[in-house]
Amino acid sequence: MNADRAMDELLTERLRPGVYQWRAVPASGAAGGGGWAGRAEEAGWRAFHLDGRRVRDKDAFLRLCAEVFAFPEWFGGNWDALEDCLADLSWAPARAGYVVLYESWADLAEADQCSFRTVLDVFADAVEAWRDTPTPMTVLLPSVGVEVAGVPRLA
């Protein structure tokens, strides 16, 4: 399946929500613009773009998430708080679902593999929490030349 078809399958909910490697280079990371984020938002999905460049440890990743997801002030800056916030998102309503694109994830994976594996676990738990709701969540890890063991490929 090519990247465009994979995105269509996701947005029309013919694809089971999950954490996927996506063999595509995003055309636009800005929500509301063209590319993957624009397509997602036109279909009623809330798009979040995590630009992982320069994220090489747990604290930097948690700060990035707090900013991108606009977490409430009560966000505790730890893994449990991240999991709680991703399972809530009441401050970021979506009509059809949530799509998270975590670009440049390899920076964290190479610098702090333990934290990266925890990120994958937290995302998997969030996807599961939203799976049977009217607004499922899917997390995409763009991968060009680098793969994550145990994470299925979408395109």
| request: List every residue pair whose Cβ atoms lie under 6 Å apart, where the two residues are 6 or more positions apart in sequence or sit on different chains, the first residue falls within segment 119-136 and is surrounded by 21 or more Cβ atoms within 10 Å (Cβ to Cβ), and the second residue, located anywhere, is among the aromatic types (F, W, Y) and assigned to a helix (DSSP H, G or I). | output: P136/W130
| field | Matching residues in segment 88-104 - criterion: being within 13 Å of the chain's Cα centre (by Cα) and open to solvent by 10 Å² or more (accessible area, probe 1.4 Å) | value | E103, S104
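Considering D121, D84, D51, which residue is in contact with a strand residue (DSSP E or B) (Cβ under 7 Å, 6 or more places away or on another chain), at pLDDT 95 or above and of a type in the set (D, E)? Please lay out each step first, then the result.
Working: D121 fails: in contact with a strand residue (DSSP E or B) (Cβ under 7 Å, 6 or more places away or on another chain); D84 fails: in contact with a strand residue (DSSP E or B) (Cβ under 7 Å, 6 or more places away or on another chain).
Answer to the check: D51.
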| Does any residue of segment 61-73 turn out to be basic (K, R), surrounded by 15 or more Cβ atoms within 10 Å (Cβ to Cβ) and part of a helix (DSSP H, G or I)? | no
| request: Enumerate the pairs (first residue in segment 1-14 and surrounded by fewer than 18 Cβ atoms within 10 Å (Cβ to Cβ); second residue anywhere and outside any helix (DSSP H, G or I) and hydrophobic (A, V, I, L, M, F, W, C)) with beta-carbon separation below 7 Å, excluding pairs fewer than 6 apart on the same chain, so at least 6 apart or on different chains. | output: M1/A155; N2/A155; E9/L15
| task | Scan segment 76-121 residue by residue and report those that are of a type outside the set (D, E), farther than 29 Å from E13 by Cβ and assigned to a loop (DSSP other than H, G, I, E, B). | result | G76, G77, N78
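The values are calculated or read from the model by the stated rules, or taken from the named source; none is laboratory data. Since we're looking at a predicted model, the values are computed, not measured. Reconstructed Cβ throughout: ideal geometry from the backbone, glycine too, with neighbour counts over all protein chains shown. Side chains are part of the model used for accessible areas, which takes the heavy atoms of the whole protein and leaves out ligands, DNA and RNA. Shrake-Rupley method; radii C 1.70, N 1.55, O 1.52, S 1.80 Å.
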